[in-house]
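Worksheet: the structure to be examined is printed underneath.
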Amino acid sequence: MLQRFQYAAPATRDELLGLLAERKGRARLLAGGTDLLVNIRNGAMKPELVINVKKVQGYSGITWSRSEGLVMRPATTINDVLRDKNVRDLFPLLSECAHDLASYQIRNRATVIGNVVNASPCSDMAPALLCLGAKAVIASKRGEREVPFAEFFKGVKKTVVQDDEILERIVVPAASSGARGLYRKLKRINGHDLGIVGVALMKKDGLLRLGISSSAPTPILVDGLKERDDIETIVAAARGAISPIGDVRCSKEYREYMVEVFVKRLFAEVK
Amino acid sequence: MRVHVTVNGRVFERDVEEHKTLLRFLREDLGFTGTKEGCGAGECGACTIFLDGKTVNSCMVLAVEADGSAIETIEGEAKDGRLSVIQEAFDRHHAVQCGFCTGGMVMSVRELLQRTPKPSVDQIKEGIEGNFCRCTGYQQIIEAVLDASGQKELADKGGLKHA
């Protein structure tokens, strides 16, 4: 049984931001619920108020335009991303990462924004968003601010989002459309599992970027590389950026080794 | 909070506590005990149901979130006393042993066949990746899904023969 909490399902953004400001730190936002309700169940989170964001007007769907880029909102699910034709055609790396996240029925419910605001080191969506130069648009009663994902994660389960704020939009810039990329995730089993190591590699206009999960306190971006760099340079950059731990799922050395294996494979596979 | 839901075509209206999961609401308040609680954390899929046409783990949905929704559970799978095509195939291929996973498994298979009427073995494995079965080792379930999707020959060739 879950512990008790109050519940609100605001219909407007103003109402939602008002509740967040009022209950500062004592409220939790509910989107897919696939992390929040588990955290409440095991006692890791004890919110006084749970605020369902899915009824807020304008908080669903994915939109794409050359001027605005690709925009994902608080109720945009992982399967919404996988079903979106613009994502498939223009941002295949997002589909790659989404496809490796959990199981089908979780992808029906879990949201892209939930996957990044929880700031798990093993977030599957973060590697793609980091590579694609996405930005977070964060809102509160005080106003709105934009933070690039490269500056978004602050530690294990910590982000720049404050208690009275909501990550309201993820914007992937139009400039990243057409980027080629793949994601490789090491798991204990072939099916639904948390990542042991995840590596995304993107190539676009001569640039090469890596987004790496489960290999540091936060998902990380390795930037400043070029498509024509030799593989030794790229591997060295990846090795220099990661700082994995050993834990119940594998040792530190194995993580380091597998990051290198994935970087080498992806470098050859991403044409 | 007052909640209205439709379950397998029947309308229900109940008062429910805010912190109650949809799974517990279905089982304890409405009596739909075919939906099971395994892990309670989205790992095992025994609680899989349809919520407004999409499969979800009902252990990770609040009952209050489902207000106004149409829900389908394993109890709605057989129609007019007749098993569905999926249930018959599960029966033929011995894809049920203890039965604890079966309700959720059938829900995931139904969603898979709705979007992929003739799935490959790999597509079947992916479709049921969120549903654990600790008895069958999955082989019989995969064969049952092949059979239910009109691929009986493949089902019969699928390694072990069970029927």
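Here, each number is a calculation from the coordinates, and none is a lab measurement. The structure presented is a predicted model; accordingly, all values stated were derived computationally and were not measured. Neighbour counts run over all protein chains shown; Cβ positions are idealised from the backbone, glycine included.
Brief remarks on what is shown
- Looking only at residues in region A:38-52 that are of a type in the set (Val, Ile, Thr) and more than 15 Å from A:Arg23 (Cα to Cα), the one that is farthest from the other protein chains (Cβ to nearest Cβ) is A:Ile40.
- Failed item, numbered, when A:Asp35 is tested on (1) surrounded by 17 or more Cβ atoms within 10 Å (Cβ to Cβ); (2) more than 14 Å from every other protein chain (Cβ to nearest Cβ); (3) out of contact with any Leu (no Cβ under 6 Å at 6 or more places or on another chain): (2)
- Checking each residue in region A:1-26 for being within 13 Å of another protein chain (Cβ to nearest Cβ), closer than 14 Å to A:Asn52 by Cα and touching a helix residue (DSSP H, G or I) at 6+ places or on another chain (Cβ under 7 Å) picks out A:Tyr7, A:Ala8.
- On inspection, A:Ile106 fails the criterion of being surrounded by 21 or more Cβ atoms within 10 Å (Cβ to Cβ), within 21 Å of B:Leu51 (Cβ to Cβ) and away from chain B (no Cβ under 14 Å).
- When the residues of region A:112-128 are filtered to those that are of a type in the set (Val, Ile, Thr) and out of contact with any helix residue (DSSP H, G or I) (no Cβ under 7 Å at 6 or more places or on another chain), the one that is surrounded by the fewest Cβ atoms within 10 Å (Cβ to Cβ) is A:Val117.
- For B:Glu143, the requirement of being crowded, with 22+ Cβ neighbours inside 10 Å and not β-branched (Val, Ile, Thr) is met.
- Boolean, B:Phe100 is touching a residue at least 60 places away in the same chain (Cβ under 8 Å), at the interface with another protein chain (Cβ under 10 Å from one of its Cβ atoms) and of a type outside the set (D, E, K, R): no
- The residues of region B:57-85 that are away from chain A (no Cβ under 11 Å), without any contact (Cβ under 8 Å) to a residue 40 or more places away in the chain and among the hydroxyl-bearing types (Ser, Thr, Tyr) amount to a single one, B:Ser84.
- Filter pass, B:Lys54 being within 10 Å of chain A (Cβ to nearest Cβ) and basic (Lys, Arg): yes
- All positions within region B:54-69 that are more than 17 Å from B:Gly103 (Cα to Cα) and of a type outside the set (A, V, I, L, M): B:Glu65, B:Asp67, B:Gly68, B:Ser69
- Single unsatisfied condition, A:Gly246 versus (1) part of a loop (DSSP other than H, G, I, E, B); (2) touching a strand residue (DSSP E or B) at 6+ places or on another chain (Cβ under 7 Å); (3) not hydroxyl-bearing (Ser, Thr, Tyr): (2)
- Entry remark, region B:118-133: residues being charged (D, E, K, R), assigned to a loop (DSSP other than H, G, I, E, B) and within 8 Å of chain A (Cβ to nearest Cβ) number 1 in total.
- The conditions of being out of contact with any Pro (no Cβ under 8 Å at 6 or more places or on another chain), more than 14 Å from chain A (Cβ to nearest Cβ), not in a loop (DSSP other than H, G, I, E, B) and not small (Gly, Ala, Ser) are met by B:Glu13.
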